[in-house]
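So the structure is just underneath, and the comments pick up after that.
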Amino acid sequence: MSIELLEKLADEIDKKEKDDGDENEVAAKDKKKEPFSKMKKAPVGEKGHEQTVSNVPEKNPEGGEPKEAPDERPGEKAANPEEAPQQEMQEHEQPGSVDPSIIIDFLAQNPAPADTDFHQFVESQGLDTPTAESVAYMLAGKYVMLLRGGKSQGMDMSTVDPQQLEMGMRVEAEHSADPATQKKISLDHIAENPLYYQYLAEMEKKIGEQK
């Protein structure tokens, strides 16, 4: 086979490979562009017009990822963080609500009130009687939990030094006028250390001598 024939054959092969490459490139471009007939259309409305799809991402003018369209249903308003605390306060301030501090002040002045006294007080304050009673029961439950809980819960009273308990109740009288509360706080401290109030008295005496 002559050299001229070989060179001609090589030229024809190069030309064919170039033509095949051009065809593949055009096919790839056509594949990227989806035909209009195959594009997903929005549902048709009552009048037969195609509705606009609201959740199509918007183009970001600053570049980067496209912005997501807000997912807001018709008739709904986007939540404003500044309005949340005010809305929460309004939810708690329901009609007929009773401030527990009002009941606490009354019980502090009347530790064992009769039903008639309690009802008269509630009516004088313009409060809802059933709601006020519910608040009083809630406070009583918390008081019982206070007396039964703590470090002295389940404590064997036979192991408690009566003198330490008496000293403790005198000290805790500075914090509460209620004898049950005084006893409870004292027992909690004695549970930590059986000689708690003895050490406390000695420490206070040393502090007084240093002044």
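Read the figures in this text as sums done on the coordinates, not as results from a lab. Since the structure is predicted, the reported quantities are computational estimates derived from the model, not experimental observations. Note: ideal-geometry Cβ built from the backbone for every residue, glycine included; neighbour counts use all protein chains shown.
Which is out of contact with any helix residue (DSSP H, G or I) (no Cβ under 9 Å at 6 or more places or on another chain) and either among the aromatic types (Phe, Trp, Tyr) or on the phi > 0 side of the Ramachandran plot (or both), of Gly126, Gly141?
Within the list Gly126, Gly141, the selection yields Gly126.
Hey, can you tell me all the residues within the stretch 157-211 that are within 25 Å of Ala140 (Cα to Cα) and assigned to a loop (DSSP other than H, G, I, E, B)?
Answer for the stretch 157-211, where residues must be within 25 Å of Ala140 (Cα to Cα) and assigned to a loop (DSSP other than H, G, I, E, B): Ala173, Glu174, His175, Ser176, Ala177, Asp178.
All but one of (1) within 30 Å of Ser97 (Cα to Cα); (2) loosely packed, with under 12 Cβ neighbours inside 10 Å hold for Asp128; which doesn't?
The single condition Asp128 does not satisfy is (2).
Restricting attention to the stretch 174-206, which residues are over 17 Å from Gln153 (Cβ atoms) and of a type in the set (Lys, Arg)?
Scanning the stretch 174-206 gives Lys205, Lys206.
Would you point out the residue of the stretch 158-179, among those that are loosely packed, with under 11 Cβ neighbours inside 10 Å and closer than 27 Å to Ala112 by Cα, that is nearest to the chain's Cα centre (by Cα)?
It comes out as His175.
Looking at the stretch 98-133 only, could you name the residues that are closer than 26 Å to Ser176 by Cβ and either in contact with a strand residue (DSSP E or B) (Cβ under 9 Å, 6 or more places away or on another chain) or β-branched (Val, Ile, Thr) (or both)?
Within the stretch 98-133, Val98, Ile102, Ile103, Ile104, Val122 meet the criteria.
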